[in-house]
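What follows is a set of notes on a single structure, which appears directly below.
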Amino acid sequence: MAEVTGSATQDDLRQVQSDVSRLQRTVQRMQNLEASANAPAGRAREQSVQTGQQQVTSLSKQVEALSASVANLNSRMDELTSRLDAQARQPRATAPPAPRPVPPLPPAPPVPVPSTGTTAPAPSPGVAALPPGSRPTTGAPGPQDMYQAAYIDYSKGSYPLAITGFREFLRRYPEHGLAGNAQYWIGEAQLGLARSQTNTGQMDRVTPALEQAVQEFRKVVANYPRSGKAPAALYKEALTLIELKQPAVAQARLQYLVENFPQAAEASLAREQLTALKDS
């Protein structure tokens, strides 16, 4: 049997469907004839109806066969369309551009080292000397290491070294989470210097050291108001002001502490000091 094209199959299907509908209407009209007709005529009509039904059955089978052919052709057309679309897209596909080589990072600038006033030791034989102001790039301490080293100096009573270490930490890491703590310990180290100078009889240096401690404590609140050390810095500043014979200023700082940090542990101590100042 010759292959039927898509358009021819559709035309044949529509023609068969039209014939089926026409025959079905004819059968319906014949079935609706009056029941009182004579027997021969009735038998004739019955035979005609049966013949029409056989034709309808035959045509229905043809419709099913043509419908299957149409479905097959539609499937093939869909497959061909998909292949054509894939072939049409393939020439437009381009390979991704090759990644550009990453340029090498420029060398980090040397970090200046504050002068200590001492002469650097001569390099060992066979070891190249570093240029002035430069530091080796390997083994550089991180912020935690720098902070810990400065705090160890403070705990040992090496207050000048501690102050230098904490200030270097703040210079390099001013936004670090421990910056407020570092500033606070600078103030404590200044108090330590004042105590050691008192013990050694250097009375002319005590007052400047205490005044410097006040300034360092104030920097905690001014530069790091959210630091956990801010209440302690206010309290220590007030105590230092009392020692410097400035009770009015000390009272104002204690009042500021109570109003702005009412939940801090130093707030209760500040209230006691305020009471003592008012009673004195």
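Read-outs throughout are calculated quantities, based only on the coordinates presented, and are distinct from any laboratory measurement. Just so it is clear, the model here is predicted, and its values are computed rather than measured. Note: ideal-geometry Cβ built from the backbone for every residue, glycine included; neighbour counts use all protein chains shown.
Are there any GluC sites (Glu not before Pro) in region 162-205 that are in a DSSP loop and have at most 11 other Cβ atoms within 10 Å? List them by number.
Details: sites: E168, E175, E188; in loops: E175.
Of the GluC sites (Glu not before Pro), the ones in loops of region 162-205 whose Cβ has at most 11 other Cβ atoms within 10 Å are E175.
In region 143-279, how does Rg compare with the Kirkwood Rh, expressed as the Rg/Rh ratio over alpha carbon atoms? Don't skip to the answer; put the middle values down first.
Values: Rg = 15.0 Å, Rh = 15.2 Å.
So for region 143-279, dividing Rg by the Kirkwood Rh gives 0.99.
Would you list which lysines come within 23 Å of K156, measuring only between C-alpha atoms, while excluding same-chain residues fewer than 8 positions from it?
K229, K236
Return a whole-number percent for the relative contact order of region 143-279, with Cα pairs under 8 Å and 6 or more residues apart as the contact set. Present the calculation step by step, with values, prior to reporting the outcome.
Values: 169 pairs, mean separation 21.8, N = 137.
Relative contact order for region 143-279 comes out at 16 percent.
In region 195-273, if every C-alpha pair distance is counted and binned at 10 Å from zero, what percent goes to each bin?
20, 48, 25, 7
What does the charge count near L170 come to, summing +1 for each Lys or Arg and -1 for each Asp or Glu among other residues with Cβ under 14 Å from its Cβ? If you can, show how the numbers build up before the last one.
Working: positive: R167, R171, R172, K219, K229; negative: E168, E175, E216.
Local net charge: +2.
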